[in-house]
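A.B. asks: Submitted below is the structure of interest, expressed as structure tokens.
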Amino acid sequence: MGRLSLECLTKPDPFDGDGGVDAALNEVLLRVFGRQTMLPIRHIETLLQHTPPHLQEIVLELRNIIASVAPDATEVVRWGGLSYYHAGGGGIISAGICQIGIHRDHIRLAVIHGAFIADSHHLFEGTQKYKRFVRIESYDAAPWEHLKELIISASRFDPRSIAT
């Protein structure tokens, strides 16, 4: 990355053009301007251009929830979907909040440290060591309040609290 200048800090679009956002620039924007680092909607529209409309609604609603409960989250395009993390706490994995996976017939809300998150409504699936996910096939059938609870818990979870 080149040197940061005032000009680059005042640009409304920190998108770097090759599928992601420069995390260092986003961290500076958050510190200087106190704003969240969500991608501009036109980049989300590009990501979703081949996604069926009923799945786009789910992605957009999840984005709204994440923005409301984790206003410091950094949003990046990774692995064919959207990933959210606390930029000041590490990277996408070590400071991860959640991921929105876009699949052919459903959306997957994944939590990298889901094994450590309370799931009183038993929404999580998955057998990986730590990662858990919720499969969402329909906007109307989605348990939005319970998903919000999971996202809140994931955003508050500190993976450094795990005893190794």
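A.B. asks: Mind listing just one residue for me: the one in segment 93-121 that is out of contact with any strand residue (DSSP E or B) (no Cβ under 7 Å at 6 or more places or on another chain) and under 27 Å from residue 52 (Cα atoms) and, of those, surrounded by the fewest Cβ atoms within 10 Å (Cβ to Cβ)?
C.D. replies: Here the answer is 104.
A.B. asks: Further question: Can you tell me which residues in segment 122-157 are within 24 Å of residue 87 (Cβ to Cβ) and either among the acidic types (Asp, Glu) or assigned to a helix (DSSP H, G or I) (or both)?
C.D. replies: 147, 148, 149, 150, 151, 152, 153, 154, 155, 156
A.B. asks: Scan segment 144-162 and give yes if some residue there is of a type in the set (Val, Ile, Thr), closer than 14 Å to residue 69 by Cβ and in contact (Cβ under 8 Å) with a residue 12 or more places away in the chain, otherwise no.
C.D. replies: Among the residues of segment 144-162, at least one is of a type in the set (Val, Ile, Thr), closer than 14 Å to residue 69 by Cβ and in contact (Cβ under 8 Å) with a residue 12 or more places away in the chain, which makes the answer yes.
A.B. asks: Evaluate segment 89-107: report whether one residue or more is outside any strand (DSSP E or B), in contact with a helix residue (DSSP H, G or I) (Cβ under 9 Å, 6 or more places away or on another chain) and of a type in the set (S, T, N, Q).
C.D. replies: Taking every residue of segment 89-107 in turn, at least one turns out to be outside any strand (DSSP E or B), in contact with a helix residue (DSSP H, G or I) (Cβ under 9 Å, 6 or more places away or on another chain) and of a type in the set (S, T, N, Q).
A.B. asks: Further question on the same structure: Of the residues that sit in segment 127-164 and are of a type in the set (Phe, Trp, Tyr) and at pLDDT 95 or above, which one is surrounded by the most Cβ atoms within 10 Å (Cβ to Cβ)?
C.D. replies: The selected residue is 133.
A.B. asks: Can you run down the residue pairs with Cβ atoms below 8 Å, 6 or more apart or on separate chains, where the first is in segment 123-137 and without any contact (Cβ under 8 Å) to a residue 40 or more places away in the chain and the partner is in a loop (DSSP other than H, G, I, E, B) and of a type in the set (A, V, I, L, M, F, W, C)?
C.D. replies: If the second residue must be in a loop (DSSP other than H, G, I, E, B) and of a type in the set (A, V, I, L, M, F, W, C), the pairs left are 124/117; 130/112; 131/112; 132/117; 132/124; 133/124; 134/123; 134/124.
A.B. asks: Could I ask something else about it? Residues of segment 37-87 being in a strand (DSSP E or B) and in contact with a Leu (Cβ under 9 Å, 6 or more places away or on another chain), which ones?
C.D. replies: Result: 37, 74, 75, 76, 77, 81, 82.
A.B. asks: Can you list residue pairs whose Cβ atoms sit under 8 Å apart, with the first residue in segment 83-107 being closer than 18 Å to residue 71 by Cα and the second being assigned to a strand (DSSP E or B) and among the charged types (D, E, K, R)? Count only pairs 6 or more apart in sequence or on different chains.
C.D. replies: Once the first residue is closer than 18 Å to residue 71 by Cα and sits in segment 83-107, its partners that are assigned to a strand (DSSP E or B) and among the charged types (D, E, K, R) give 83/75; 84/75; 92/78; 99/78; 99/108; 100/108.
Conditions tested, residue by residue: (1) β-branched (Val, Ile, Thr); (2) under 21 Å from residue 145 (Cα atoms).
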position: 43; (1), (2): no, no
position: 55; (1), (2): no, yes
position: 61; (1), (2): no, yes
position: 69; (1), (2): yes, yes
position: 77; (1), (2): yes, no
position: 93; (1), (2): yes, no
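The values are calculated or read from the model by the stated rules, or taken from the named source; none is laboratory data. Since the model is a prediction, treat every value here as computed from it, not as a measurement. Counting neighbours? That spans all protein chains shown, and the Cβs are built from the backbone with ideal geometry, glycine included.
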